[in-house]
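First comes the structure, then the notes that go with it.
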Amino acid sequence: MYEILGFARFSKVDEKSLLERLQDVATICTYPKYIFDECLAFFGQKRIGLAGYSTLQTMITTVLASERQRTESILSSSMSDTTRMQLKKILHTKGRLNQLSAQKGSAKDFTPSELMREIETHSTIKGVYQEIKRLINKLGLSQGNLTYYASIIRHQSIYKIRRFPEWQGMLYIVCYLFFRYQETNDKLVTAFQYVTKKQRESASAAAKQRIADELEVVRDKLTQVDHLLGLFVDDSVSDQTQFGDIRQNAFEKLSKDEIQLISQHLNKENFDKRQCEWQHIDSQYRKISNSIRPLFLAIDIECEPGQTLLSTQLQIAKSELQKEKHLCTADQRLLLKQDKDYIVDKEGVNYRRFEYYLYQKVSRMLDNNHIFVNESAKKNVLKMILSL
């Protein structure tokens, strides 16, 4: 039958050739079914009769064990004791892995409590991320294996994960935290842009409402201006009367602020919407420092080489906000000409306004891709697509 169909029997030479091929395949994907499919492809391409199921099972097990030994050997010889203890702490501290899980612990919305949980996750992984990234490069894992190993942490129970051999569990948690950190970065950037946009819209709406209210006051009080003008032609008012007495008489009908609004209106002075927006920002500073600032401090912003001024300001700002809890340094060269008068006056820089201005500038530049977040799951997916 073999001769009639043009097939050959599976020999020791073929077995050696198949094992070599499967070793390469295992570096791409260690999912057993994927490797089994490669076995079937090998037999079809070489026109070799299928080997027995137990033979294939043994070969696949051998290949997987060999790949596992390779990765575990690299991890055990390359991972620092500090990172090892940190990862073991994450694995064995009750509830810690669930808190880091992208499914069970990720931000579901942009409420302060959800965002603080995501920031805490980001901070926990950040301490070991650079070494994790170095280990990933040294392991030489394919995107498929990285994703497969990470999925084990996502979908297995904590009980099963803890029962894996130590370095096998370490491999899975390293791959998982590699993706989780990038996902968290993306979520925090999205939250940062959302919150800054909402704050910008809130300031604009408040300014419009204030101007509308002031215009309503002007329209309402214009009917009483005749009383003010009448004071100047009232014969019963002596020329010897103190002007202060006349002012007090006028203020009985209209307040000082109302008279000033009417005067501006009659002089055709436009209401300064930008100034109203900044005054609203001043009143919201505590809210801004509690909502936007933690996100700004958490995300890993990268600037292009030509953006030295912004890059330096961002580094200084993060350092000062973390240590001093407020800005002490402001590079005025980052301010647009039309914005400078609202942030810098005779007394110097208004650092609270400059902090808010910096957040809005970063948000707009992220939108326009003028600055970016390097450790990003979205960015890595785009790289992978472009490389295909």
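Ordered from highest to lowest accessible area with the whole protein assembly present and a 1.4 Å probe, ILE316, ILE60 read as ILE316, ILE60.
Length gained on full extension, TYR351 to SER54, computed as 0.36 nm times the residue gap minus the Cα-Cα distance: 99.7 nm. Across the cross-link table entries LYS88/LYS323; LYS133/LYS197; LYS198/LYS318, which are compared at the Cα atoms, the separations over 27 Å belong to LYS88/LYS323; LYS133/LYS197. Rounded to the nearest 0.05, what FRET efficiency do SER151 and ASP367 give with R0 = 45 Å and r taken as the Cβ-Cβ distance? Could you check? Result of the calculation: an efficiency of 0.90.
Computed from the C-beta positions of THR111 and LEU5 and an R0 of 51 Å, the FRET efficiency is 0.15 to the nearest 0.05. Label sites at LYS198 and ASP81, each approximated as a point 7 angstrom past Cα along Cα to Cβ, lie 4.6 nm apart.
Expressed in nm to one decimal, what extension gain is obtained for the pair LYS318 and ASN137 from 0.36 nm per residue of sequence separation less their Cα-Cα distance? Additional length available on full extension: 62.3 nm.
Within the shell of other residues whose beta carbon sits under 13 angstrom from the beta carbon of PHE10, the net charge comes to +3, with Lys and Arg scored +1 and Asp and Glu -1.
Computed with a 1.4 Å probe over protein heavy atoms only, the accessible area of GLU324 comes to about 100 Å².
Of the residues ARG84, ARG352, the one with the largest accessible area comes first in the ranking ARG352, ARG84, computed with a 1.4 Å probe on protein heavy atoms. Ordering THR71, THR62, THR27 by accessible surface, largest first, gives THR62, THR27, THR71; the 1.4 Å probe counts only protein heavy atoms, with every chain in place.
To put it simply, the accessible area of region 1-62 at a 1.4 Å probe is 59 percent carbon and sulfur. The heavy atoms of SER123 present about 80 square angstrom of accessible area, all protein chains included, probe 1.4 Å.
For LEU327, the accessible surface of its heavy atoms amounts to roughly 10 Å² (probe 1.4 Å, protein chains only, rounded to the nearest 10).
The values are calculated or read from the model by the stated rules, or taken from the named source; none is laboratory data. Note that the structure is a prediction, hence the values are computed from the model and not measured. We place every Cβ from the backbone using ideal geometry, glycine too, and count neighbours over all the protein chains shown. Please note that ligands, DNA and RNA were not included when accessible areas were found on the heavy atoms of the full protein model with its side chains. Shrake-Rupley method; radii C 1.70, N 1.55, O 1.52, S 1.80 Å.
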